[in-house]
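Trainee: After the structure tokens below, expect a handful of questions from me.
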Amino acid sequence: MISVRVLKSVKSEKAIKEGYKDALDEIMKELKTKTIAYAPERTGDLKRSVDTEIHGTKGILTVDMNYAGFQEFGTMYMEAANMGIGYVRPAVKKVEGQISRIVGNAIRKAFRRL
């Protein structure tokens, strides 16, 4: 009886880890998609420079253009993109509202695979 509980616990832990990894992948893909959608497009370079990376349990969004920060936060001479709200912040806000659903779905799927 004890070995069954231990086995179940190990399987549950594995399912949660797999679910979390799948959720993080989906969250970062969604964040990249939304950031690209909100980014201003003059030449398309800013949109093309948006990328995501996953390192362990952390997701990182990068926008690799020297003027990305000016578009996001503005300067004393110009306001930020999208009428002063930037393009990364609205993307993060939009994705934040979906995190619980994404994580829940990913963990449920991982448990079904057991």
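Yes/no matrix, rows are residues, columns are (1) within 20 Å of Val103 (Cα to Cα); (2) in contact (Cβ under 8 Å) with a residue 12 or more places away in the chain:
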{"position": "Thr57", "(1), (2)": "yes, yes"}
{"position": "Ala68", "(1), (2)": "no, yes"}
{"position": "Gln71", "(1), (2)": "no, yes"}
{"position": "Tyr77", "(1), (2)": "no, no"}
{"position": "Ala80", "(1), (2)": "no, no"}
{"position": "Tyr87", "(1), (2)": "no, yes"}
{"position": "Pro90", "(1), (2)": "no, yes"}
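Trainee: Out of the residues in region 29-45 meeting the condition of being under 16 Å from the mean Cα position of the chain (by Cα) and of a type in the set (Ser, Thr, Tyr), tell me which one is surrounded by the most Cβ atoms within 10 Å (Cβ to Cβ).
Mentor: Looking at residues that are under 16 Å from the mean Cα position of the chain (by Cα) and of a type in the set (Ser, Thr, Tyr), I get Thr35.
Trainee: Something else: I need the full set of residues from region 64-80 which are more than 17 Å from the chain's Cα centre (by Cα), at negative phi and surrounded by 11 or more Cβ atoms within 10 Å (Cβ to Cβ), in order please. Talk me through it step by step, then tell me what you get.
Mentor: The initial filter retains those residues of region 64-80 that are more than 17 Å from the chain's Cα centre (by Cα), namely 65-80.
Filter once more, keeping what is at negative phi: 65-73, 75-80.
Answer for region 64-80, where residues must be more than 17 Å from the chain's Cα centre (by Cα), at negative phi and surrounded by 11 or more Cβ atoms within 10 Å (Cβ to Cβ): Met65, Tyr67, Ala68, Gly69, Phe70, Gln71, Glu72, Phe73, Thr75, Glu79, Ala80.
Trainee: Something else: It is to be established whether one or more residues within region 10-28 are outside any helix (DSSP H, G or I), loosely packed, with under 15 Cβ neighbours inside 10 Å and among the charged types (D, E, K, R).
Mentor: The answer is no, given that none of the residues of region 10-28 is outside any helix (DSSP H, G or I), loosely packed, with under 15 Cβ neighbours inside 10 Å and among the charged types (D, E, K, R).
Trainee: Take Ala91 and tell me if it is small (Gly, Ala, Ser) and under 16 Å from the mean Cα position of the chain (by Cα). I'd like the intermediate steps shown before the answer.
Mentor: Values: small (Gly, Ala, Ser): yes; under 16 Å from the mean Cα position of the chain (by Cα): yes.
Yes.
Trainee: From the residues in region 81-114 that are over 11 Å from Ala23 (Cα atoms) and in contact with an Asp or Glu (Cβ under 6 Å, 6 or more places away or on another chain), which one is surrounded by the fewest Cβ atoms within 10 Å (Cβ to Cβ)?
Mentor: In this case the residue turns out to be Val95.
Trainee: Would region 54-63 turn up any residue that is modelled with pLDDT of 95 or more, over 30 Å from Lys14 (Cα atoms) and surrounded by 14 or more Cβ atoms within 10 Å (Cβ to Cβ)?
Mentor: yes
The values are calculated or read from the model by the stated rules, or taken from the named source; none is laboratory data. Everything numeric here is computed off the predicted structure, so don't read it as measured data. Counting neighbours? That spans all protein chains shown, and the Cβs are built from the backbone with ideal geometry, glycine included.
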